[in-house]
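The values are calculated or read from the model by the stated rules, or taken from the named source; none is laboratory data. The shown structure was predicted, so the numbers you read here are calculated from the model rather than taken from an experiment. So basically every Cβ, Gly included, is an ideal-geometry build from the backbone, and we count neighbours across all protein chains shown.
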Amino acid sequence: MARVGVFVCFCGANIADFVDVNEVVEETKKIKDVKFAINYKYMCSDPGQGLIKQAIIENKLTSVVVAACSPRMHEKTFRRAISEAGLNPFLLEIANIREHSSWVHQKDKKSATAKSCDLVRMAVAKSIANEQLHEISVPVTKRALVIGGGIAGIQAALDIADAHIPVVLVEKSPSIGGRMAQLDETFPTLDCSQCILTPRMVDVATHPYIELIPYSEVVGLDGYVGNYKVQIKKKASYVNFSSCTGCGACSQKCPVKVPNEFNLGHDKRKAIYSPFPQAVPNKPVIDAEHCLMLTKGKCGICKKTCEKGSIDYDMKDEIIEREVGAVVVATGYELYDASPYEEYGVGRFKDVISSLEFERMVSASGPTGGTPIRPSDGEIPKNVVFIKCVGSRDEAKGIEYCLKNMLHVHCKARHAATS
Amino acid sequence: MKKLTYFPGCSAHGTSEEFDHTLKLVMKSLEVELDEIPDWNCCGATSAHVMTENLALALPLRNLVLAETLHNDTMGIACASCYARHKVTKYELDKDPVLAKKINTTIDDGTYHGSVEVKSMLQFVYEDIGIEKIKSLVKKPLTGLKVACYYGCLLTRPKAITQFDSPEYPMSMDRIMEALGATAVPFDFKTECCGASFSISSSDVVLSLSGKILEYAKASGADMIVVACPLCQSNLDMRQPGVEKLFHVKLNLPVMYFTQLLALAFGHDQKDLMLGKHIVPVEKALAKIGKEPEKKEEIKSKKTVESEEAK
C-alpha cells in the first residue's frame, strides 16, 4: 500500500504569489494514496528538509513528491534529504510548479493553481509507480578513441593525452590535418592556418599517450558505457611505414598522374603520394585505383626506386581491435555539392568555383602558389563575384537549415581576393 | 501509333493558333495521335485561383475526369498556364482524397481516379519522345540558327509539383533545339517573369519585364527566342515594338514556338508554319539556316586547349 507525502514550496513569493499553495495542499489531500501534505516557505532550506525527513519517519511514507522548482535546481538536494530519512533516493518525484506554472501564468492565479494541482497529481501517480534504484560502479577502460584527425580531433586527442589518458586517433586519409590543412588563413584574425595546425600535428605524432592510426576507418563498435571494443580497418597502403623514411623518391619516379584531391583537382598528384609536404605521418601511400602495378600488373618503378624496400604490392586491408572507454566523433564536414544551382553557372562555366577551391588558390601552398586564376584560361581575374549561402535554407533543392558561417567564409575570401 | 490525350486551352484556338497547328504537324511526324478532350472547359487561369480555391480545382478537375474517359495514360497540355492549373489540381487531389471527393461533388461528369498523367507538350516531347527519336527524324537541320530558349515561370515550377527539369536553369528545350541542329545560346533569363497577364491590366509592367528578357536574349547573340508558352510568346512578340520605343533599342528578335522549329526541321514547308501570325517577322532569321554560324567562340576555346596542351 503506497503512502505518499507531498511537500509544496512557496519559494518565497516566487510560487506563493501566483499559485494558491494552500489550495494545492487541500486538493492534494483528496488523493487516495496521499497520507501527508504540507506547504512551507522554503522547502529547500534546512528546516524545510527537516520537515520532509520528520514526515517520512512519522508517517511511514513510501514515496515523496516535492512541488517546487525545476528538478535541475534541487532534485539532488531532496534526493539526499529523503535518503537521510531512510528512503531510496529514487522514490522522489518533483512537480515543477515554478518554471512550469507560477512563472509562466503570472496573470491568472486561478488557472495557475489548477495547473499546479494537476502537476502534483501526475507526480503522485508517477511516484507510486517508481521503483527503488541502486547505484553501481562499473570499471571504465582508461583509453579514448578519437575518430577524425582534423583540427577538432587533433585538439581533442592532445587534451585527453595531456591528462595522461591514452588516445587512439583514427584518420581515414593518409595524413592528419583535415580541412584546416587546406586553409590559407583563419577567420577573423587572419593567422596563418598552417602555423597553428602543423605544430599540433607533430605533437600528435610524438605524444607518448597517442596512438595515431592513419589511412584507417572505424568499421565497428560494440560494448557498453565505458567499455567499448572498436574495430578499425587499416586500409592497405602498400608501403611499410616502419621502414619507410619518407624520402619521396618513389613519388618523384611514379609515372601516373591523377587529379589531386587536396587541391580539389586543380593540379595533379602521383599514384604513390603523400597528400601535402607537411603531412603527418610523412609516409606515402599507393592509390590502388590508379597504380599501374596494382591495376595492370606492370610498372613496379616505385619498388625499384625504394632503397629501404618498403613497397609491398601484396599488402591487404587489415582489421585491428582496440578497447576504449570513451569515443570522440570529430568527423568534420563535406563540401556542399552546388551542382543543382545551374543558375549560378555551377558546372556550366569553368570559372565558377567553390570557396574551398578559391581557398586553395590563394594559399601559398596551393596549386597556383597563392594567386587566384581563372581555370578556363589561367588568367588572373579582374573581378571576383562571391555568391554566399548557396543551398542554404532552400528546401526545394538545397539544405533546409542555415549554413551559419557563410559570412565568415565570404569576408575572409574577400580579404584574400583584395590583398 | 501512340495516343496522347490533348488539352489545347483557349489560346490554342485563338492567339496561339500557330502553336496548335504546328504541334499537330509535329505529332503527325512523330506518329502520335492527338485525342482532344471532348467538351473541355477553361482551366480557370489566373482569375479562378486568385478568387476561390474550390473553383480553381473544380474547373481542371472536370477536364481531368473527361480525360480519363479517353483511356490514354498521358494528357499533354499546350498552354503553360493550363498545364500549371491541371498539374496543381492533380497534385492537390492525389495528395488529399478527402478534398478530391469534396471537389468531385461540384461536378456531375463522373468520378476522378487520378489515372491520367499530366504533362506539358515540352515535357512530353522531351521525355516520352526523346532526343534520339527527334534526331532520327530531322530532314532539314537548323544549322546556323542561334536560339535563346525561354521557359517562363510555369513549365518547370514549383519543382515539387512539376517534377520536370530544373526550376532555375532548365535545359530540355535547349537540348531539343541542339538535336535539331540549332545552337542554343547560354541564356540566364530563361525563367524570368515576362509579366504574364499584366499585359492587359498594367502593360507598362510587361514592357519592363519582357524588355529585360528581350535585351538579354539579344546580348546573348540569339537570332530568335524559342518558347513553349502562348502568353510568353504574345508578350515577347506583341510588346516588342513597345519595348523598342521605351528602351530606345532595336531588337528585331522573332519569338517562335518550339513546335514551329520542330515542324520545320522535320521537313514541313515553311509556308505551313503560320508565320503570318507573328508581329516581329521571322523570315530573316530563318534565312540563316544552312549558313555557317560565326565561329568566334570555338576558335577561342581551341586556343585554350592548345595552350593547355603546351603546358
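A Cβ distance below 9 Å, combined with a sequence gap of six or more or placement on separate chains, defines the contacts here; from the range A:71-94, residues that are without any contact (Cβ under 8 Å) to a residue 60 or more places away in the chain reach residues that are part of a helix (DSSP H, G or I) and among the hydroxyl-bearing types (Ser, Thr, Tyr) in the pairs A:PRO89/A:SER83; A:LEU91/A:SER127; A:LEU92/A:SER83; A:LEU92/A:SER127; A:GLU93/A:SER127. If you go through the range A:222-246 one residue at a time, how many are in contact (Cβ under 8 Å) with a residue 40 or more places away in the chain and closer than 27 Å to A:GLY309 by Cβ? Residues flagged as in contact (Cβ under 8 Å) with a residue 40 or more places away in the chain and closer than 27 Å to A:GLY309 by Cβ within the range A:222-246 amount to 13.
The selection criterion, being in contact (Cβ under 8 Å) with a residue 40 or more places away in the chain, in a strand (DSSP E or B) and over 17 Å from A:ILE15 (Cα atoms), holds for A:VAL64.
Each row is one residue, and each column tells you yes or no for (1) in a loop (DSSP other than H, G, I, E, B); (2) surrounded by 16 or more Cβ atoms within 10 Å (Cβ to Cβ); (3) small (Gly, Ala, Ser); (4) under 33 Å from the mean Cα position of the chain (by Cα).
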{"residue": "A:PRO275", "(1), (2), (3), (4)": "yes, yes, no, yes"}
{"residue": "A:GLN278", "(1), (2), (3), (4)": "yes, yes, no, yes"}
{"residue": "A:LYS283", "(1), (2), (3), (4)": "yes, yes, no, yes"}
{"residue": "A:HIS290", "(1), (2), (3), (4)": "yes, yes, no, no"}
{"residue": "A:MET315", "(1), (2), (3), (4)": "yes, yes, no, no"}
{"residue": "A:GLU321", "(1), (2), (3), (4)": "no, no, no, yes"}
{"residue": "A:ALA338", "(1), (2), (3), (4)": "yes, yes, yes, yes"}
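Taking the range A:62-107, which residues are aliphatic (A, V, I, L, M), buried (at least 19 other Cβ atoms within 10 Å of the Cβ) and out of contact with any His (no Cβ under 9 Å at 6 or more places or on another chain)?
Looking only at the range A:62-107, we keep the residues that are aliphatic (A, V, I, L, M), and these are A:64-68, A:73, A:81-82, A:85, A:87, A:91-92, A:94-95, A:97, A:104.
So of that shortlist, the ones also buried (at least 19 other Cβ atoms within 10 Å of the Cβ) come out as A:64-68, A:81-82, A:87, A:91-92, A:94-95, A:97.
A:VAL64, A:VAL65, A:ALA67, A:ALA81, A:ILE82, A:LEU87, A:LEU91, A:LEU92, A:ALA95, A:ILE97, listed by residue number.
For the range B:208-225, the criterion of a residue being hydrophobic (A, V, I, L, M, F, W, C), within 14 Å of chain A (Cβ to nearest Cβ), closer than 30 Å to B:GLU132 by Cα and under 17 Å from the mean Cα position of the chain (by Cα) is satisfied by no position. Just to check your reading of the model, which residue among A:LEU294, A:LEU356 is assigned by TED's automatic domain parsing to the domain that holds A:SER419 and closer than 30 Å to A:LYS233 by Cα? Selected residue: A:LEU356, the only one of A:LEU294, A:LEU356 that is assigned by TED's automatic domain parsing to the domain that holds A:SER419 and closer than 30 Å to A:LYS233 by Cα. For the range B:221-236, the set of residues classified as farther than 9 Å from B:PHE258 by Cα and part of a strand (DSSP E or B) consists of B:MET224, B:ILE225, listed by residue number.
Residues in the range B:193-218 that are free of Cβ contacts under 8 Å to residues at least 24 places away in the same chain and either part of a loop (DSSP other than H, G, I, E, B) or crowded, with 23+ Cβ neighbours inside 10 Å (or both): B:SER202 alone. When the range A:375-419 is filtered for residues that are touching a strand residue (DSSP E or B) at 6+ places or on another chain (Cβ under 6 Å) and either closer than 20 Å to B:GLU168 by Cα or surrounded by 14 or more Cβ atoms within 10 Å (Cβ to Cβ) (or both), the ones remaining, listed by number, are A:GLY391, A:LEU403. Can you run down the residue pairs with Cβ atoms below 8 Å, 6 or more apart or on separate chains, where the first is in the range A:331-344 and within 14 Å of chain B (Cβ to nearest Cβ) and without any contact (Cβ under 8 Å) to a residue 12 or more places away in the chain and the partner is among the hydrophobic types (A, V, I, L, M, F, W, C) and part of a loop (DSSP other than H, G, I, E, B)? As it stands, the answer is A:SER339/A:VAL346; A:GLU342/B:MET171, since those pairs meet every condition given.
Can you pull out the residues in the range A:346-363 that are touching a Gly at 6+ places or on another chain (Cβ under 9 Å) and either within 16 Å of A:ALA181 (Cβ to Cβ) or in contact (Cβ under 8 Å) with a residue 12 or more places away in the chain (or both)?
Step one: filter the range A:346-363 for residues touching a Gly at 6+ places or on another chain (Cβ under 9 Å), giving A:351-352, A:357, A:359-363.
A:ASP351, A:GLU357, A:GLU359, A:ARG360, A:MET361, A:VAL362, A:SER363 - these are the residues of the range A:346-363 that are touching a Gly at 6+ places or on another chain (Cβ under 9 Å) and either within 16 Å of A:ALA181 (Cβ to Cβ) or in contact (Cβ under 8 Å) with a residue 12 or more places away in the chain (or both).
A:GLY366: away from chain B (no Cβ under 14 Å), on the phi < 0 side of the Ramachandran plot, touching a residue at least 40 places away in the same chain (Cβ under 8 Å) and under 31 Å from the mean Cα position of the chain (by Cα), yes or no? Break it down stepwise before answering.
Numbers: away from chain B (no Cβ under 14 Å): yes; on the phi < 0 side of the Ramachandran plot: yes; touching a residue at least 40 places away in the same chain (Cβ under 8 Å): yes; under 31 Å from the mean Cα position of the chain (by Cα): yes.
Spelling it out, A:GLY366 is indeed away from chain B (no Cβ under 14 Å), on the phi < 0 side of the Ramachandran plot, touching a residue at least 40 places away in the same chain (Cβ under 8 Å) and under 31 Å from the mean Cα position of the chain (by Cα).
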